[in-house]
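Following: one structure in structure tokens, then a few remarks.
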């Protein structure tokens, strides 16, 4: 279960620091680049699905961490990152829930070898294509201010 962001700060799973625009821009660039060069270039099938899914999640994580960095926070857990996005931005409950579900699935694929179907990878890619522009829009608003 995702806790309030305050929990992650108090338990040193995230920390407040100075905003780092350079790091934030590098992370956002990496997220968008990963989408273009790593995911869209591959065909999704049951053999490629786990790798594509992991890259989709990594795009989302990098973009979310870019938002944290530009606001002066550093995550030490993926849950802290999701909590931050939920607390500081107006993303829908469904979007946050989907992101958290992908966090859990990604952990299962990486640490337990669970298989991801082509359908799940495609669903995640579609989510990424809709959600990454929203993360980027929030990033651009902050970067310009």
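The values are calculated or read from the model by the stated rules, or taken from the named source; none is laboratory data. Bear in mind that the values here come from a model prediction, so they are computed numbers and not experimental data. Positions of Cβ are backbone-derived with ideal geometry, glycine not excepted, and every protein chain shown enters the neighbour counts.
Below are the figures for this structure:
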| item | result |
| --- | --- |
| All positions within region 28-38 that are under 15 Å from the mean Cα position of the chain (by Cα) and either in contact (Cβ under 8 Å) with a residue 40 or more places away in the chain or farther than 17 Å from residue 126 by Cβ (or both) | 28, 29, 30, 31, 32, 33, 35 |
| Test: residue in region 86-109 that is over 20 Å from residue 3 (Cα atoms) and over 12 Å from the mean Cα position of the chain (by Cα) | yes |
| Lone unmet requirement of (1) touching a strand residue (DSSP E or B) at 6+ places or on another chain (Cβ under 9 Å); (2) over 17 Å from residue 137 (Cβ atoms); (3) in a helix (DSSP H, G or I) for residue 34 | (1) |
| Residue match in region 137-144 (condition: modelled with pLDDT under 95 and surrounded by fewer than 13 Cβ atoms within 10 Å (Cβ to Cβ)) | yes |
| Positions within region 18-41 being surrounded by 15 or more Cβ atoms within 10 Å (Cβ to Cβ) and closer than 15 Å to residue 56 by Cα, in sequence order | 27, 28, 30, 31, 32, 34, 35, 38, 39 |
| Condition check for residue 41: at pLDDT below 95, more than 16 Å from residue 126 (Cβ to Cβ) and part of a helix (DSSP H, G or I) | no |
